[in-house]
Amino acid sequence: MTGVQTCALPIYHLKIKRCHLYGQCIGGSFIFSLLKNHPDRIASAVIAQAIGRIGPLKPGRAERFNTWAKGLADSGSHPEINEALLDTVYQNMYGAGFVYSADRAFVASCQTPCLTLAGNDDAHPYPISEEISRLLPKNEGLIKEWKSGQPLDRKSTRLNSSHLGISYAVF
């Protein structure tokens, strides 16, 4: 079973015809995979601080990946894990760049209403959020500050998709 099939299982198992999705970090990549493979099931999406990469993949593996891999190895639950397998997983996860699961052409062709909440660190670079927001033809906007403070306290953003008759609020 692929990762996309695994993500789509609850939608089909629960017999959900259409849904709204919220994806943060790698969740944004999962949403783009679902939009590629199951667009009829996704009414709208919020892409929050999407994981992504600017520029070429640096040699070696990122420290955050190595920390995750060490925890997995230390647990003893996966004795089959070795360095070659970890290198393959790392390349498969991060090699594609941009948002890892979709290229810019797909994001630019996506007709699902979306809202983008900006990232602001190395794993979730602001320029990736900005580019997603710019490329999505039905993006409702890019909210730069959304994690805390006045923008979050004083504002609720309303998305409305009149062609789908769908509204929801993010507070």
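Summary of computed values
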item	result
In the stretch 59-105, the residues that are in contact with a helix residue (DSSP H, G or I) (Cβ under 9 Å, 6 or more places away or on another chain) and of a type in the set (Lys, Arg)	Arg61, Arg104
Ser101 at pLDDT 90 or above, under 18 Å from the mean Cα position of the chain (by Cα), among the polar types (S, T, N, Q) and surrounded by 15 or more Cβ atoms within 10 Å (Cβ to Cβ)	no
One residue from His78, His124 being modelled with pLDDT of 90 or more and farther than 19 Å from Ala8 by Cβ	His124
Among (1) open to solvent by less than 70 Å² (accessible area, probe 1.4 Å); (2) within 23 Å of Gly23 (Cβ to Cβ); (3) free of Cβ contacts under 8 Å to residues at least 12 places away in the same chain - the single one Gly76 does not satisfy	(2)
Whichever residue in the stretch 107-131 is β-branched (Val, Ile, Thr), open to solvent by less than 10 Å² (accessible area, probe 1.4 Å) and in contact with a helix residue (DSSP H, G or I) (Cβ under 6 Å, 6 or more places away or on another chain) and, among such residues, is farthest from Gly27 (Cα to Cα)	Val107
Conditions (1) assigned to a strand (DSSP E or B); (2) over 18 Å from the mean Cα position of the chain (by Cα); (3) among the aliphatic types (A, V, I, L, M); number of the one not met by Leu115	(2)
Single condition Ser29 does not satisfy, out of (1) assigned to a helix (DSSP H, G or I); (2) over 15 Å from the mean Cα position of the chain (by Cα)	(2)
The lone exception for Gln91 - which of (1) free of Cβ contacts under 8 Å to residues at least 60 places away in the same chain; (2) in a loop (DSSP other than H, G, I, E, B) it fails	(2)
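Every residue, every condition in (1) open to solvent by 30 Å² or more (accessible area, probe 1.4 Å); (2) outside any loop (DSSP other than H, G, I, E, B); (3) modelled with pLDDT under 90, yes or no:
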{"position": "Val4", "(1), (2), (3)": "yes, yes, yes"}
{"position": "Cys7", "(1), (2), (3)": "yes, yes, yes"}
{"position": "Ile16", "(1), (2), (3)": "yes, no, yes"}
{"position": "Leu34", "(1), (2), (3)": "no, yes, no"}
{"position": "Ala43", "(1), (2), (3)": "no, yes, no"}
{"position": "Arg64", "(1), (2), (3)": "yes, yes, yes"}
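The values are calculated or read from the model by the stated rules, or taken from the named source; none is laboratory data. As the structure is a computational prediction, the values presented were derived from the model and not from experiment. Counting neighbours? That spans all protein chains shown, and the Cβs are built from the backbone with ideal geometry, glycine included. Just so you know, the surface numbers come from the protein's heavy atoms only, side chains and all, with ligands and any DNA or RNA stripped out. Shrake-Rupley method; radii C 1.70, N 1.55, O 1.52, S 1.80 Å.
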